[in-house]
Amino acid sequence: MVRVSVPSGKERSIVFLDTYLASLPAAGGSGRHSYHRINWYTSELEEMRSHLQLSDFLYSWQGGDRLKKERNAFRIRYRKAIRQAKIKANGSHILSSRNFAYSSWKKVNDFRNNCDSFQTSELDADAFLIYFDSVPEVIAASISDELMEDPINLMEQLTEEKP
C-alpha cells in the first residue's frame, strides 16, 4: 500500500498557485504593432512635453495672464517642433528608401487614411454639378467689359486685389 502525504494548508495554496500559473501562458510583447510605432518622437519633444504639462498645471492652479501667455507661446513652439520632427522623420524615411515615389505616396496615403470620421453630405450630385456649371457665368458677369477685352489687364487687376 502506498501512502500519500496530504500537504498542509499553506503548502496546498502554494501547489495550487504553481499549478495555476503553469497552466496560463506568459503574456508576451507589448501588443504594439510595428505600424503603430512613432519614429518622430524625440527626447527633446519629451522634455518639451513635460515642460508644457508643467506650465499647463501651473496655469490651471494659479491662473493669471502671464502664465497663460507663456503656456500658449510654449504650446505653439511645441506644436511647431512636432511638425518639424514629423517632416524630418518622414523625409529621412523617404530618402533612405529605394523607391522615393512609392515611399512618398505611402506617407501621403497613410496620412489621408488616418481620418477618424467621414462626413457625408446631403447635397445632391445634380445640384452640385448645376452649382459649379453656373460659377463661370457668375464670374464673367462680375467682370467689366473693358477688362474682358484685355486679358493681360484682367490678370493684373485680379493680382492687385489680393493682399
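Quick check on my filter: what residues within the stretch 38-96 are of a type in the set (V, I, T) and in a helix (DSSP H, G or I)?
Taking the stretch 38-96 and keeping what is of a type in the set (V, I, T), we get 38, 42, 76, 82, 87, 94.
Within the stretch 38-96, I76, I82, I87, I94 meet the criteria.
Could you list, ordered by first residue, the pairs with Cβ atoms under 8 Å in which the first is in the stretch 105-130 and within 30 Å of L95 (Cβ to Cβ) and the second is at pLDDT 70 or above and not in a loop (DSSP other than H, G, I, E, B), at least 6 apart or interchain?
K107/N90; K107/H93; K107/I94
Using beta carbons and a limit of 8 Å, which pairs, at least six apart or on different chains, have the first residue in the stretch 37-54 and on the phi < 0 side of the Ramachandran plot and the second one among the polar types (S, T, N, Q) and in a helix (DSSP H, G or I)?
Close Cβ pairs (under 8 Å, with a partner that is among the polar types (S, T, N, Q) and in a helix (DSSP H, G or I)) amount to W40/N90.
Would you say K68 is free of Cβ contacts under 8 Å to residues at least 40 places away in the same chain, touching a His at 6+ places or on another chain (Cβ under 9 Å) and surrounded by 10 or more Cβ atoms within 10 Å (Cβ to Cβ)? Walk me through how you get there before you give the answer.
On the way: free of Cβ contacts under 8 Å to residues at least 40 places away in the same chain: yes; touching a His at 6+ places or on another chain (Cβ under 9 Å): no; surrounded by 10 or more Cβ atoms within 10 Å (Cβ to Cβ): yes.
Against the criterion (free of Cβ contacts under 8 Å to residues at least 40 places away in the same chain, touching a His at 6+ places or on another chain (Cβ under 9 Å) and surrounded by 10 or more Cβ atoms within 10 Å (Cβ to Cβ)), K68 does not qualify.
For the stretch 50-105, which residues satisfy the criterion of being touching a Phe, Trp or Tyr at 6+ places or on another chain (Cβ under 7 Å) and among the small types (G, A, S)?
Hits for the stretch 50-105 are S55, A85, A89.
The values are calculated or read from the model by the stated rules, or taken from the named source; none is laboratory data. Computed from a predicted structure; not experimentally measured. Every residue, glycine among them, receives a Cβ derived from its backbone with ideal geometry; neighbour counts consider all protein chains shown.
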